[in-house]
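Read-outs throughout are calculated quantities, based only on the coordinates presented, and are distinct from any laboratory measurement. Bear in mind that the values here come from a model prediction, so they are computed numbers and not experimental data. Glycine also receives a Cβ, built like all others from the backbone with ideal geometry; neighbour counts cover every protein chain displayed.
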Amino acid sequence: MQLSEAIQFIQCDVLQHAPVSQWADLGCGSGLFSTALSHYLPVGSTIYAIDHKPGTRIAGHGIKIYDLDFVTDPLPFGQIDGILMANSLHYVMDKGAFLQKLKRHSATLLVIEYDIERPVPTWVPFPVSYRSLPALFPDKKIEKLSERPSAYGQGNMYAALIY
């Protein structure tokens with residue numbers, strides 16, 4: 001996915017009208033979606049880009065890179081405005097416990113996932129289909145933002161805002 005596509009994929013009112021704010025990108029990888037997120041957030045905002053192997057240079061303003069395991073390590077921030085998880089929630093085996101941990105940090109979650117239900121070993125070990133979101137977030141609003149075919153031919157990818 002190119003940066004322009006990532007920017008468009010996460011487009012939503014929450015980001016387009018965001019004030020100076022703090023977000024985290026958990027499982028940031030190369031930083032594609034951290035950079036896309038920085039496109040929307042005004043100067044003065046902070047994005048905590050966290051991965052066990054983060055990109056060493058992630059373009060965009062206000063991005064702070066942390067070499068951490070977002071599942072097991074303590075997160076380097078307190079209460080923030082939102083959390084982005086782009087193709088990373090499917091690596092979390094115990095989603096219930098993990099989501100309880102995230103509640104202490106933010107009520108807003110932006111998820112990008114493959115819309116599949118069967119695991120694909122090493123690639124998507126614990127899938128998070130769009131249909132499974134209401135069970136994971138029973139007291140939250142869920143808004144599908146985008147959908148596109150997966151580059152790997154395994155169904156679609158989706159972006160959803162959970163708040």
Counting only strands (runs of 3 or more DSSP E) wholly inside region 59-163, the ones holding at least 2 residues that are of a type outside the set (A, V, I, L, M) and buried (at least 19 other Cβ atoms within 10 Å of the Cβ) are 109-114
Is it the case that region 83-95 has a residue that's over 25 Å from residue 40 (Cβ atoms), free of Cβ contacts under 8 Å to residues at least 12 places away in the same chain and not acidic (Asp, Glu)? no
Could you pull out the residue among 43, 14 that is in contact (Cβ under 8 Å) with a residue 12 or more places away in the chain, loosely packed, with under 15 Cβ neighbours inside 10 Å and of a type outside the set (Phe, Trp, Tyr)? 43
Within region 124-163, the residues that are in contact (Cβ under 8 Å) with a residue 60 or more places away in the chain, in contact with an Asp or Glu (Cβ under 9 Å, 6 or more places away or on another chain) and not hydrophobic (A, V, I, L, M, F, W, C) are 148, 163
Mind counting the residues in region 36-48 that are closer than 15 Å to residue 10 by Cβ and either under 12 Å from the mean Cα position of the chain (by Cα) or hydrophobic (A, V, I, L, M, F, W, C) (or both)? 4
